[in-house]
Amino acid sequence: MAFHEGKVCDAVIRVLEAREGHSRRDVRSPEQDGHPAPIELTCWIGERLFPFEHTGIEPFTGYAKLKPRHKGISIRIQRWGQKRSARRFCSR
C-alpha cells in the first residue's frame, strides 16, 4: 500500500483553494531545494502561505510505524479485504 504523499497534498490543496476562493501559486518543495527545514511543500493560496509536511492518509492508526516492521501483515490484511469485497459483490 503506497502512501501517495503528492496526491494527498494535491487533494488537500484543492480543498483549501475552494475554501479560500483562490488558486495556488508559487508552489515549492523546500526539501528538494536543499532547504534545512523538513517541509515537503509550500504554496501561496490568496494572501496566505501554506506549508505541508509529510502529508499522507493512513488506512488505520499506526500504519506508518507498522509498515516497515510487518509488511506481511499489511499484505494479508489487503488480501482479506479483497476477498471480502469479492464475496459481497458476487453474492448480489
Open item on the list: Using Cβ contacts closer than 10 Å as the measure, can you line up Leu41, Leu49, Leu66, Leu16 from fewest to most?
Closed with: Leu49, Leu66, Leu16, Leu41
TODO: For Gly46, list long-range residues whose amide hydrogen, built 1.01 Å from N in the peptide plane, is under 5 Å from its own amide hydrogen.
DONE: Ser23
TODO: Once you have the Cα-Cα distance between Lys7 and Glu47, take 0.36 nm times their residue separation minus that, and quote the gain in nm to one decimal.
DONE: 12.0 nm
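Any read-out appearing in this document is the output of simple, stated calculations on the displayed coordinates, not a laboratory observation. Just so we're clear, the structure is a prediction, and the values are computed from it rather than from any experiment. As a convention, Cβ positions derive from the backbone with ideal geometry for all residues, glycine included, and neighbour counts pool all protein chains shown.
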